Amino acid sequence: MVRKLPLSLLTLIALLLLAACGASPAAPAPAAPDAPAAEAPAAEAPCPRPAEMDARFCDEDGDLVADLPKDPAQWVNPDTLIFAYTPVEDPAVYRDAWADFLTHMEAVTGKRVEFFAVDSNAAQLEAMRAGRLHVAGFNTGGNPFAVNFAGFVPFAMMAAADGSFGYEMEIIVPANSDVQAIEDLRGRQIAFTSPTSNSGFKAPSALLESQFGMVEGSDFEATFSGGHDNSILGVANEDYDAAAIANSVLSRMIERGVISADQVRAIYVSETFPTTGYGHVYNLDPEVAAKVREAFFSFDWAGTSLEEEFSKSGEAQFIPITYKEYWAVIREIDAAMGVTYTQP
């Protein structure tokens, strides 16, 4: 049966999140050679920034994200905006899902917008850091890396019609497995997605060690599947004994008929985490950045390809967020695990 266990660390952090936020509330060619998005010269004089933030960025207002450079010569204003969505599944699925939204962004910004199909979290981070990516949705665990390593400025998140948001990390097993509880995973293989993923690696790793004293190598074998969809398919096909996944991805795969609900079973469900954060690179021309934000918050989901895909996991709108507030829970998990953001 499913056990929703109290995490000494993670439950406390999740409760802090709920108190702060409310339980409701191949790739295209690089962009035209404007000044690279994150390769601008470092500030001439020392400037305030969090200890985790790359030295090329400043954070004078203390919001934990990189400030717009004071020198307009360092701003970028490309003819074509490049957008990338976190690589949770086959990029082809999401190229179609985002099509109507990107058409809307073109109308609002007056610029061409291209979908950049990335095949890994690291590739997405490197693309923004190198100046080839201007607007993006980074996964939950990847947001702190994107903010501190690549100059990402998140401002939006998907939510349900009533304003509720988030997803849960689940540890799933094949439906006919004899595994009934976390303790039964000793000596077995557990699939994780990637080292930067919150639900696919960091949160379950903290859980296994802090609550069950289970350490990779001595108590279980770990493998990286490369994505939530790969982990889910691996469990459904009985290639993995278990996997840690985001249940929002699982819901969408079941709705699309990729797997059936009776192929997998959850033995653990976490508290709620914030989901993918959407934003732009820090040195995007402020007038363009304002139009990008307008595109997110003025988009009418009804009857669109975005609604068709993301309504499968309950999303119906974009809501404004701040990295400082909404990602506090994720930064706490990372701090407890000794994660640094200087290199993904």
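What follows draws every value from the coordinates through simple rules; no lab data is involved. Fair warning: this is a prediction, and the values are worked out from it, not measured in the lab. Don't worry about glycine lacking a Cβ; one is built from the backbone with ideal geometry, like all the others, and counts go over all protein chains shown.
Observations
- The helix-only estimate of mean residue ellipticity at 222 nm for the chain, built from DSSP H runs of length n ≥ 4 each weighted as -39500 (n - 2.57), is -9000 deg cm²/dmol after division by the residue total.
- Spacing of the two label points (7 Å from each Cα toward its C-beta) at Ser120 and Ala51, in nm: 2.9
- Rounded to 5, the percent of DSSP beta bridges in the chain classed as antiparallel: 60
- Computed packing ranks the peptides 110-118, 230-238 as 230-238, 110-118, most packed first, by mean other Cβ atoms within 10 Å.
- Legend: calculated FRET efficiency, Glu60 to Ala335, from the Cβ-Cβ distance at R0 = 25 Å, rounded to 0.05, equals 0.60.
- Listed residues His228, Met214, Leu64: farthest to the positive end of the dipole of the chain (Cβ charges): Leu64
- Sequence ranges 195-208, 289-302, ranked by mean other-Cβ count within 10 angstrom, highest first: 195-208, 289-302
- Three-way shape label, segment 76-193, alpha-carbon gyration tensor, a/c 1.5: prolate
- Ranked by the mean number of other Cβ atoms within 10 Å of their residues, highest first, the peptides 216-228, 124-136 fall in the order 124-136, 216-228.
- Additional length obtainable on full extension of the chain from Asn237 to Ser260, 0.36 nm per residue less Cα span: 7.2 nm
- Tensor-based shape of segment 254-344 (alpha-carbon gyration tensor, a/c under 1.5 rounded, otherwise prolate or oblate): oblate
- Considering only Phe299, Ala335, Pro320, the residue lying farthest towards the positive end of the dipole of segment 282-344 is Ala335, judged by Cα position with unit charges set on Cβ.
- Top positive-direction residue, dipole computed over the chain with Cβ charges, set Val118, Asn148, Ile172: Asn148
- When only the Cβ of Lys, Arg, Asp and Glu is charged (+1, +1, -1, -1), the dipole of segment 223-265 relative to its Cα centre reaches about 180 debye.
- Spacing of the two label points (7 Å from each Cα toward its C-beta) at Arg186 and Glu209, in nm: 1.9
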